[in-house]
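Visitor: Quick one: this structure, given as structure tokens, is what I'll be asking you about.
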């Protein structure tokens, strides 16, 4: 059984001290909008790669891959890249309402399910197993291959936003 922690990946921006110092100088509202915009742009890099890697039969899965803002408590910006991104009651999107609800089955594969029994007596008739589907990962490999490029895109966008803001005098301490 896959747990929520298995699907969590983070991109950490390190090294550009001047960029971080300038970002801290802006008001909280400006920081959140700027960071969210930059993180979404970085997410688009991974989204395009995931769409290129996704298996194509009807095209639903490729079309349903999106980048969207997720609720965040401590962090300034948090986005998800998936075929189901919206936060639900459990923190995961509602797969059944999405035409590409099967994305997790493609990504992780399926295992055989045995017929339910009670005290050794089968509860239903029919096949003993529903079969399996091999994993055909596309989202995690896209993240792994484009993580560095996404981080560079985020830094580039933040740098441009900060330079424009400094020129306009939007600094608030």
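Visitor: Going by what's in this entry, would residue 61 be described as modelled with pLDDT under 90 and farther than 18 Å from residue 138 by Cα?
Guide: Numbers: modelled with pLDDT under 90: yes; farther than 18 Å from residue 138 by Cα: no.
Judged against the criteria, residue 61 is not a match.
Visitor: List the residue pairs whose Cβ atoms are under 7 Å apart, where the first residue sits in the stretch 152-173 and is farther than 13 Å from residue 31 by Cα, the second is at pLDDT 85 or above and in a helix (DSSP H, G or I), and the two are 6 or more positions apart or on different chains.
Guide: 153/41; 153/42; 153/45; 154/38; 154/39; 154/41; 154/42
Visitor: Would you point out which residue out of 45, 39, 11 is modelled with pLDDT under 65 and touching a helix residue (DSSP H, G or I) at 6+ places or on another chain (Cβ under 9 Å)?
Guide: 11
Visitor: OK, next. List the residue pairs whose Cβ atoms are under 6 Å apart, where the first residue sits in the stretch 111-123 and is closer than 30 Å to residue 136 by Cα, the second is at pLDDT below 75 and not in a loop (DSSP other than H, G, I, E, B), and the two are 6 or more positions apart or on different chains.
Guide: Close Cβ pairs (under 6 Å, with a partner that is at pLDDT below 75 and not in a loop (DSSP other than H, G, I, E, B)) amount to 112/129; 115/122.
Visitor: Is it the case that some residue within the stretch 75-89 is under 29 Å from residue 31 (Cα atoms), assigned to a loop (DSSP other than H, G, I, E, B), in contact with a helix residue (DSSP H, G or I) (Cβ under 6 Å, 6 or more places away or on another chain) and modelled with pLDDT of 85 or more?
Guide: Taking every residue of the stretch 75-89 in turn, none turns out to be under 29 Å from residue 31 (Cα atoms), assigned to a loop (DSSP other than H, G, I, E, B), in contact with a helix residue (DSSP H, G or I) (Cβ under 6 Å, 6 or more places away or on another chain) and modelled with pLDDT of 85 or more.
Visitor: Ok, one more. Step by step: first the residues of the stretch 125-142, then only those that are part of a helix (DSSP H, G or I) and crowded, with 17+ Cβ neighbours inside 10 Å, then the one that is modelled with the lowest pLDDT. Which residue is that?
Guide: 139
Visitor: Could you tell me whether residue 104 is modelled with pLDDT of 80 or more and not in a helix (DSSP H, G or I)?
Guide: So residue 104 does not fit the description; no.
Visitor: Quick test of your reading of the structure: residue 112 fulfils all but one of (1) outside any helix (DSSP H, G or I); (2) modelled with pLDDT of 90 or more. Name the failing condition by number.
Guide: Among (1) outside any helix (DSSP H, G or I); (2) modelled with pLDDT of 90 or more, residue 112 violates only (2).
The values are calculated or read from the model by the stated rules, or taken from the named source; none is laboratory data. Computed from a predicted model, the values in this text were never measured in an experiment. Please note: Cβ atoms are built from the backbone with ideal geometry, for glycine as well, and neighbour counts cover all protein chains shown.
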